[in-house]
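Peer 1: Structure below; questions to follow.
The values are calculated or read from the model by the stated rules, or taken from the named source; none is laboratory data. Keep in mind that this is a model prediction, so the values were computed, not measured. FYI the Cβ positions are ideal-geometry reconstructions off the backbone, even for glycines, and counts take in every protein chain you see.
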Amino acid sequence: MGEGGKRKSRQEEVPAPPSHRILTADELGLLKVSEVPAGDKWEETAAKQRWGLPDKAQGITRLQVHCPDWDPDRCLVAAARSSGRVTLHAGSDGGDVGSFRAAPPASTSGRSDTSTNAVQALRFSQPEGSTQLLISAATLGGHVSVHRCPVEAALATAAAGRAVHTWEEAARLQTISDLQAMDVSSSGRYLAVGGDGHQLKVWDLEVAGKAAMASTTSSAGPDGAAAAAPKAGEPLFAGKAGKPSRSGLQDLAHVTALAFVPGQDDKQVLVGTAKHKLWLYDMRAGRKPQAELVWGEGRITTLQPVADGSRIWVGNGRGHVEALDLRQAPAKLSMGHALKGVAGSIRALALHPSEPLIASVSLDRHLRVHHSTKRSSLAKLYLKQALTGVAWLPPLPAAAAAEGAKEDEEEQARAEAEEVDAAEEEEQQDAGRVARGKGKHSGRDQQAGGGSRGQHGKKKDSKRRKQ
């Protein structure tokens, strides 16, 4: 076969779809998709797609993915923005499928502090037997909003016939000030929050929503305008601090991470503090933590529970990631399975739904993937911007992967063509500068030659006159 036949056969080959796709978010508001080539070639992991345009004012603070069927055409991505909005995207190509405002309405009585509108936490939930998909978002100022959409409409993110759906506001309430962490139970009923100056507090969303609606109705003006921040009422549970130190001093309240423990009927909550402590609360056993563990030296930044509730992966501000063993809780808590090669303050963790893989992003702007059982490092990728979130995406089918590869090749060809054009233009400019320089030098030489000949003639004339 000749060279032309080989080239044609190579062009007709359809590339195999990637084995894994990982989505990351950063402070510039970009979503990037990194792909692992077929055959689990982790060493060749690379960023292949970029969704959105860079805008610091629309930086992403939290990232969540809802994909119950693990189908790219039924995969919903939610990105919380520092402006107080939540944008929704298709998991296949990043197309816009909706958005809503999580922050409270803007104040009309003077200036309002927009810094408290940044979304600090974001959670998907679907109550058992319900046809509604819920998104709960909490801002730095403690404003919690719950929006809903029919689950089938929300997950219909395929490119064919895609529509932007409206997310209806189901509840809106004011919880605490300076909120740092929030989680919603698997049933979607209970809301747990904590922050700087506040210990763990848990609300029943159904009761709190009714109380908030009642307060909104009672405080509405004559024109029917609703109050901007209805109170949530008294919490269902308010936790207390753990044991004091040997000197009898108690840590200041500062909750930095929390998570409901799966499989415990929404009654157990794990809390991480700024003083590198882990507290396990059981709402059936009292307000004080049932177990306490001091781990590391940095603040707890993120908690990621395993689906069966046996372990919870913990990351801190010193760049350490380990698993908290809950199989003997609350009698005994122990840390183990530290991941190797992690660095920088951990910003987010994501567990693969079916494989023993854990992805992490940290302050050093790297995406890392580890084997959660062997603890070995599989991939490490530098992504330029400060990363704030990470999630797994289902792999695309072969046809979509081939189309995506074709688009990548076309984009790369365009970039190469632009580079070639720029190089040719620069060469032409250099040639023009050289030609102009030669012309100037030749003119100077001619002027210098004429001047020397003129001076030589003047000398001869003077000699003749003397003679």
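Peer 1: Quick one: is VAL306 closer than 16 Å to HIS276 by Cβ and touching a Phe, Trp or Tyr at 6+ places or on another chain (Cβ under 8 Å)?
Peer 2: no
Residue-by-condition table, conditions (1) of a type in the set (Asp, Glu); (2) at pLDDT 95 or above; (3) out of contact with any strand residue (DSSP E or B) (no Cβ under 9 Å at 6 or more places or on another chain):
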residue	(1), (2), (3)
SER362	no, yes, no
HIS371	no, yes, no
LYS380	no, yes, no
THR388	no, yes, no
LEU393	no, yes, no
ALA401	no, no, no
GLU409	yes, no, yes
ARG414	no, no, yes
VAL420	no, no, yes
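Peer 1: Sticking with this structure for a sec: What is the number of the single condition among (1) crowded, with 21+ Cβ neighbours inside 10 Å; (2) assigned to a loop (DSSP other than H, G, I, E, B) that ALA348 does not meet?
Peer 2: With respect to (1) crowded, with 21+ Cβ neighbours inside 10 Å; (2) assigned to a loop (DSSP other than H, G, I, E, B), ALA348 is out only on (2).
Peer 1: Which residue pairs have Cβ atoms under 6 Å apart, sit 6 or more places apart or on different chains, and have a first residue in region 29-46 that is buried (at least 21 other Cβ atoms within 10 Å of the Cβ) and a second that is part of a strand (DSSP E or B) and aromatic (Phe, Trp, Tyr)?
Peer 2: Every condition considered, the pairs that remain are LEU31/TRP51.
Peer 1: I've got another one for you. Consider CYS67 against the criteria (1) closer than 21 Å to LEU351 by Cα; (2) out of contact with any helix residue (DSSP H, G or I) (no Cβ under 9 Å at 6 or more places or on another chain); (3) of a type in the set (A, V, I, L, M, F, W, C): it satisfies all of them except one. Which criterion is unmet?
Peer 2: Among (1) closer than 21 Å to LEU351 by Cα; (2) out of contact with any helix residue (DSSP H, G or I) (no Cβ under 9 Å at 6 or more places or on another chain); (3) of a type in the set (A, V, I, L, M, F, W, C), CYS67 violates only (2).
Peer 1: Would you confirm, using the coordinates I've provided, whether ALA154 is at pLDDT below 85, surrounded by 15 or more Cβ atoms within 10 Å (Cβ to Cβ) and either of a type in the set (Ser, Thr, Tyr) or under 20 Å from PRO394 (Cβ atoms) (or both)?
Peer 2: It is false that ALA154 is at pLDDT below 85, surrounded by 15 or more Cβ atoms within 10 Å (Cβ to Cβ) and either of a type in the set (Ser, Thr, Tyr) or under 20 Å from PRO394 (Cβ atoms) (or both).
Peer 1: Need at least 1 residues that are polar (S, T, N, Q) and touching a strand residue (DSSP E or B) at 6+ places or on another chain (Cβ under 8 Å) per element, so show me which strands (runs of 3 or more DSSP E) inside region 33-103 make the cut, counting only ones lying wholly within it.
Peer 2: Once the strands (runs of 3 or more DSSP E) in region 33-103 are filtered for at least 1 residues that are polar (S, T, N, Q) and touching a strand residue (DSSP E or B) at 6+ places or on another chain (Cβ under 8 Å), what remains is 46-51, 60-66, 85-90, 96-101.
Peer 1: Please enumerate the residues belonging to region 339-359 that are charged (D, E, K, R) and out of contact with any Gly (no Cβ under 9 Å at 6 or more places or on another chain).
Peer 2: Within region 339-359, LYS340, GLU355 meet the criteria.
Peer 1: Next up: Taking ARG246 as meeting all but one of (1) in a strand (DSSP E or B); (2) free of Cβ contacts under 8 Å to residues at least 40 places away in the same chain, write down the number of the exception.
Peer 2: (1)
Yes/no matrix, rows are residues, columns are (1) buried (at least 22 other Cβ atoms within 10 Å of the Cβ); (2) out of contact with any helix residue (DSSP H, G or I) (no Cβ under 6 Å at 6 or more places or on another chain); (3) of a type in the set (Lys, Arg):
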| position | (1), (2), (3) |
| --- | --- |
| GLY52 | no, yes, no |
| ASP55 | no, yes, no |
| ASP71 | no, yes, no |
| VAL77 | yes, yes, no |
| ARG85 | no, yes, yes |
| LEU88 | yes, yes, no |
| ASP93 | no, yes, no |
| VAL97 | yes, yes, no |
| ALA102 | yes, yes, no |
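Peer 1: Please work out which residue is farthest from MET182 (Cα to Cα), limiting yourself to region 257-294 and to residues that are of a type in the set (D, E, K, R) and either in a strand (DSSP E or B) or without any contact (Cβ under 8 Å) to a residue 12 or more places away in the chain (or both).
Peer 2: Going through the qualifying residues, I end up with GLU292.
Peer 1: A further question follows. Just to be sure, is GLU322 in a strand (DSSP E or B), farther than 24 Å from SER19 by Cα and in contact with a Lys or Arg (Cβ under 7 Å, 6 or more places away or on another chain)?
Peer 2: Against the criterion (in a strand (DSSP E or B), farther than 24 Å from SER19 by Cα and in contact with a Lys or Arg (Cβ under 7 Å, 6 or more places away or on another chain)), GLU322 does not qualify.
Residue-wise test of (1) under 22 Å from ALA331 (Cα atoms); (2) modelled with pLDDT of 95 or more; (3) surrounded by fewer than 17 Cβ atoms within 10 Å (Cβ to Cβ); (4) touching a Phe, Trp or Tyr at 6+ places or on another chain (Cβ under 9 Å).
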site	(1), (2), (3), (4)
GLY233	no, no, no, yes
ALA241	yes, no, no, yes
PRO244	yes, no, yes, no
ASP251	no, no, yes, no
ASP266	yes, no, no, yes
VAL271	yes, yes, no, yes
TRP279	yes, yes, no, no
ASP282	yes, yes, no, no
ALA285	yes, no, yes, no
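Peer 1: Name every residue in region 49-83 that is aliphatic (A, V, I, L, M) and within 12 Å of the chain's Cα centre (by Cα), in order of residue number.
Peer 2: Hits for region 49-83 are ILE60, LEU63, VAL65, VAL77, ALA78, ALA79, ALA80.
Peer 1: Looking at this structure, is GLN126 more than 14 Å from ARG101 (Cβ to Cβ), in contact (Cβ under 8 Å) with a residue 40 or more places away in the chain and within 19 Å of the chain's Cα centre (by Cα)?
Peer 2: Judged against the criteria, GLN126 is not a match.
Peer 1: Which of the residues spanning region 119-141 are farther than 15 Å from TRP167 by Cβ, assigned to a loop (DSSP other than H, G, I, E, B) and in contact with a Gly (Cβ under 7 Å, 6 or more places away or on another chain)?
Peer 2: PRO127
Each row is one residue, and each column tells you yes or no for (1) of a type in the set (A, V, I, L, M); (2) farther than 23 Å from ALA46 by Cβ; (3) without any contact (Cβ under 8 Å) to a residue 60 or more places away in the chain; (4) buried (at least 18 other Cβ atoms within 10 Å of the Cβ).
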| site | (1), (2), (3), (4) |
| --- | --- |
| ASN316 | no, yes, yes, yes |
| GLN328 | no, yes, yes, no |
| SER334 | no, yes, yes, no |
| LYS340 | no, no, yes, no |
| ALA343 | yes, no, yes, no |
| LEU357 | yes, no, no, yes |
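Peer 1: Something else: Taking the stated definitions as given, is SER186 hydroxyl-bearing (Ser, Thr, Tyr), modelled with pLDDT under 95 and under 23 Å from the mean Cα position of the chain (by Cα)?
Peer 2: So SER186 fits the description; yes.
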